[in-house]
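Since the structure comes first, as structure tokens, the remarks are kept for the end.
The values are calculated or read from the model by the stated rules, or taken from the named source; none is laboratory data. Keep in mind the model is a prediction, meaning the values are calculated, not measured. Heads up, the Cβs are rebuilt from the backbone with ideal geometry, glycines too, and the neighbour counts pull from every protein chain shown.
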Amino acid sequence: MSKRLDKFTKPFQGSRIPFLLVEVVTDGTGQMVDLLFRYVNFPAAVLVGLPADTLQGQRFTHLFPADRLSALRPFQAVAFSGSAAFFPYTTLLGHEMTITCYQPMYGLVACILDSPWAESSPAESGTALVENLPGAVAVLELSRSGVQFLSFNQRLCNLCHWSRKELLDRSAGDFASLVAPADWPDLLQELLDAGRDGRDANRDFRLLRGSGDPLWVNLRAKVLSVRNGIRTFYAILLDIDQQRRAQLRFAETLRQLETARQQLSQLFDSLPVGCCLLQVPFGDGSAVPLHVSRGLSELFGYSAQEFLQDLTADPLGRIYPADREALSAEARQARETGAPLQSVCRAYSKAGSILWISIKVVWQPQPDGSTLLYIACSDVTREKEAELDLQIQSRLCGLLLEHSRTVSFNYDLKTDTAYLDFFAGGRRSTRTVHGYLDDLKTSAFVHPEDRRALAASVRRAVNRPGTETLEYRGDYDGSGWRWYQISWESLFDGRGDVYRLLGKAEDITSHKAAEVRFRNLIQHQKRLSKQALLSFRLDLSANQMMDCHARSSRLNAAFSGSAADVCLCSIASRLPVPAEREQFQALFQRDALLNAFRCGTIHFGQEHLFAPEGTGRIWARTMLDLAEDPVSLHLTAFCCILDVDESCQQSMLLQTLLQRDYEFVLTVDVASGRCRAHGRNRETLPSSSTYRGLLATYICAQTPSRERAAIRKAMRLETVTAALENTECYQYQCAPESESGQRASCLRWSWLDRERGLLLLTVSRDG
């Protein structure tokens with residue numbers, strides 16, 4: 001192909017006339033979608049802004065933004081119609097030129113470029129293509145949409161470790177995509193300031209690369225043109241990575257050196273104990289104080305300068321006279337053996353008070369023969385005074401464990417040994433368990449179902465230090481399984497590792513039982529509230545009502561929101577009988593309930609007449625249970641008022657019937673067929689009697705045999721219940737087998753409690 005084009009391009013080789021030859025690429029329908037550079041001479045490359053070797057054989061959209069192709073739309077008509085064209089064009093650098101184009105061959109366009117800028121400033125044009133600069137060269141465009149690079153040389157590709165195509169595909173012309181995100185805001189601000197002030201930009205930043213770490217480069221940019229608020233920069237990027245990293249290392253070294261100096265100067269003042277540094281010259285010279293920490297001088301009540309002078313006059317001047325000789329002897333022995341000196345002695349403060357001081361001295365020989373003494377002092381006066389308090393506290397802890405069901409644990413991780421301390425059989429007991437974690441698998445003191453969970457809690461307390469809590473069942477005194485709640489506390493050594501676990505297992509069996517009872521009372525009250533006249537829960541400790549449910553809205557409004565004592569008084573006011581009201585008030589007062597709970601009474605009940613709406617009386621049963629809330633520890637009262645008017649009336653009715661002259665008064669359970677006698681003849685009927693046996697023994701046996709079948713059919717429970725569907729009372733008479741002096745029996749059935757399936761049967765002798 002190149003040989004065929006030589007006849008068109010040969011006249012322009014070495015010519016100063018800017019000439020280029022492009023091939024129009026279409027999408028198959030005749031529409032131009034790209035241009036392919038077939039030939040570009042040096043003057044044309046200068047005007048375009050890229051080296052000729054870079055343009056040769058490349059597509060337009062691979063080198064320039066795709067939207068620039070629309071300005072070259074006349075190429076499409078020239079390439080396929082054979083006509084010529086002449087039109088203006090503005091380069092990415094903002095330079096205007098005119099393009100004269102014609103068709104040398106179908107699909108090709110030959111272009112002659114003409115630019116006043118190229119003729120007037122050929123030297124300036126050549127600088128855009130300088131390839132011998134030590135860094136990468138790029139033309140950048142700063143607009144509202146960001147910073148785009150219009151062109152660049154091969155060295156930028158080398159710095160980024162990408163080919164030209166990869167660089168364009170990755171960044172799509174966006175210069176920000178090549179800058180480390182942390183450096184982009186400062187770089188963008190530098191370009192904005194340079195464009196506004198008309199100065200050169202200079203900024204270091206990290207350049208992102210295809211492979212390897214980001215590269216430190218220096219950007220130096222000069223404003224080429226300003227057009228419609230869009231500024232074009234000619235930029236040079238210099239590789240300063242090694243220099244920058246060397247500067248950073250040097251700066252870090254200086255910073256560390258300065259930090260070390262500050263730490264050295266502040267060492268004695270920042271230590272948590274009082275420190276001083278003394279130097280003993282070669283031979284038997286006296287110690288010379290070099291430095292005294294602020295903490296040590298404040299310990300004795302001096303300023304640093306005053307205490308330094310006091311030590312210079314007499315290093316042992318502050319030591320209690322009775323302890324000086326012993327301290328000097330210990331110091332000589334420690335120096336001879338080379339071991340640090342550790343001792344506790346008394347010393348005088350500036351105010352004259354006596355302090356207990358813990359002293360630690362380390363000797364450090366120096367090359368010149370002298371010796372440095374590093375002395376650390378701490379005030380242990382409180383520790384000495386607290387020894388007696390610690391003994392008292394230890395005894396008090398022992399007393400707390402005695403006569404209680406609390407088990408203390410002391411677990412040593414290094415030896416896997418646990419020490420258990422508890423009270424059993426009236427005395428304090430201690431057990432040592434070696435291989436504690438393995439022993440838990442078969443331990444007789446822990447419930448089999450809880451052994452694994454207890455071992456897991458120990459491991460969690462070791463691996464995740466903190467407070468670990470677990471509930472489990474144990475038997476430490478042989479009294480049976482009881483619930484315990486154990487809390488583990490982790491202790492740390494100087495390296496921050498857990499070296500010991502302290503645990504306390506408290507017997508919570510009663511507490512758990514109280515929790516279960518409290519939950520059951522809540523559920524029981526919810527069930528009763530559906531059939532109760534009034535159901536409410538009171539917080540007697542806080543004297544407030546927690547919730548209230550009533551059968552009627554009027555009754556609910558009368559009690560809701562009131563205090564606990566007011567609620568109880570309002571209920572008492574609705575008892576119409578004075579004696580019952582006095583009994584209710586004495587039993588159900590708030591203070592009386594609190595005192596009764598302290599004495600161990602938790603159940604209360606009373607049957608009484610009740611006027612729920614203020615008028616009308618019904619029999620009601622008030623039931624109240626006391627329980628302690630396991631969360632708030634407040635005393636809670638669960639109270640229900642049930643309507644027992646119907647059962648009371650039935651009871652009174654039965655008592656009235658028993659006073660009459662009935663031979664038998666019985667109640668019959670329809671479902672089971674069992675009978676129960678009441679009144680004077682109740683002893684003659686066994687408690688296990690059934691209705692069928694009663695008919696056979698006492699009724700059918702006394703009637704004529706010829707009538708027994710009819711009587712038995714008439715008295716069957718199925719017959720009786722069917723008859724009671726249409727009448728309130730079913731009655732049947734039968735005559736005895738012997739007529740001499742005996743009256744006929746009259747049997748009457750009626751429902752005593754239809755819902756429960758309970759029948760009332762009365763047997764009388766008619767005159």
Next on the checklist: For the range 151-165, which positions are in a helix (DSSP H, G or I) and under 46 Å from the mean Cα position of the chain (by Cα)?
Outcome noted: CYS160
Checklist entry - Is there a residue being among the charged types (D, E, K, R), within 30 Å of TRP162 (Cβ to Cβ), at pLDDT below 85 and over 48 Å from the mean Cα position of the chain (by Cα) anywhere in the range 216-232? => result yes
Next on the checklist: Of everything in the range 307-339, what is in contact with a helix residue (DSSP H, G or I) (Cβ under 7 Å, 6 or more places away or on another chain) and free of Cβ contacts under 8 Å to residues at least 24 places away in the same chain? Give them in sequence order.
Outcome noted: PHE307, LEU316, GLY317
Item to check | Candidates ARG318, ARG335, ARG346 - the one that is at pLDDT below 85, basic (Lys, Arg), assigned by TED's automatic domain parsing to the domain that holds TRP363 and surrounded by 14 or more Cβ atoms within 10 Å (Cβ to Cβ) | outcome: ARG335
Checklist entry - Of everything in the range 165-182 that's of a type outside the set (Ser, Thr, Tyr) and crowded, with 17+ Cβ neighbours inside 10 Å, which residue is nearest to LEU142 (Cα to Cα)? => result PHE175
Item to check | Candidates LEU501, LEU528, filtered to the one that is out of contact with any Cys (no Cβ under 6 Å at 6 or more places or on another chain) and either surrounded by 15 or more Cβ atoms within 10 Å (Cβ to Cβ) or not in a helix (DSSP H, G or I) (or both) | outcome: LEU501
Checklist entry - Which of the residues belonging to the range 309-349 are touching a Leu at 6+ places or on another chain (Cβ under 9 Å) and of a type in the set (Gly, Ala, Ser)? => result GLY317, SER328, ALA331, ALA334, SER343, ALA347, SER349
Item to check | Tally, over the range 466-484, of residues that are assigned to a loop (DSSP other than H, G, I, E, B) and of a type in the set (D, E, K, R) | outcome: 2
Next on the checklist: Out of GLY614, GLY600, I need the residue that is exposed (fewer than 14 other Cβ atoms within 10 Å of the Cβ) and either in contact with a Cys (Cβ under 8 Å, 6 or more places away or on another chain) or modelled with pLDDT of 75 or more (or both). Which one?
Outcome noted: GLY600
Checklist entry - Can you pull out the residues in the range 288-306 that are in contact with a Leu (Cβ under 7 Å, 6 or more places away or on another chain) and surrounded by 17 or more Cβ atoms within 10 Å (Cβ to Cβ)? => result PRO289, VAL292, SER293, GLY295
Checklist entry - Among the listed residues LEU502, LEU491, LEU555, which satisfies the condition of being more than 30 Å from VAL407 (Cβ to Cβ) and either under 34 Å from the mean Cα position of the chain (by Cα) or not basic (Lys, Arg) (or both)? => result LEU555
Item to check | Of all residues making up the range 233-257, the number that are closer than 30 Å to PRO367 by Cβ and modelled with pLDDT of 85 or more | outcome: 4
Next on the checklist: Among the residues in the range 712-733, are any out of contact with any Lys or Arg (no Cβ under 8 Å at 6 or more places or on another chain), surrounded by fewer than 17 Cβ atoms within 10 Å (Cβ to Cβ), at pLDDT below 80 and part of a loop (DSSP other than H, G, I, E, B)?
Outcome noted: no
Checklist entry - Can ASP6 be described as of a type outside the set (Gly, Ala, Ser), assigned by TED's automatic domain parsing to the domain that holds ALA66 and at pLDDT below 85? => result yes
Next on the checklist: Just to be sure I understand, how many residues within the range 322-355 are part of a loop (DSSP other than H, G, I, E, B) and either of a type in the set (Phe, Trp, Tyr) or more than 17 Å from LEU372 (Cβ to Cβ) (or both)?
Outcome noted: 5
Checklist entry - Can we say LEU69 is hydrophobic (A, V, I, L, M, F, W, C) and either at pLDDT below 90 or surrounded by 18 or more Cβ atoms within 10 Å (Cβ to Cβ) (or both)? => result yes
Checklist entry - Under 6 Å by Cβ, and 6 or more places apart or on different chains, what pairs join a residue from the range 458-485 that is among the aliphatic types (A, V, I, L, M) with one that is in a helix (DSSP H, G or I)? => result LEU470/SER457
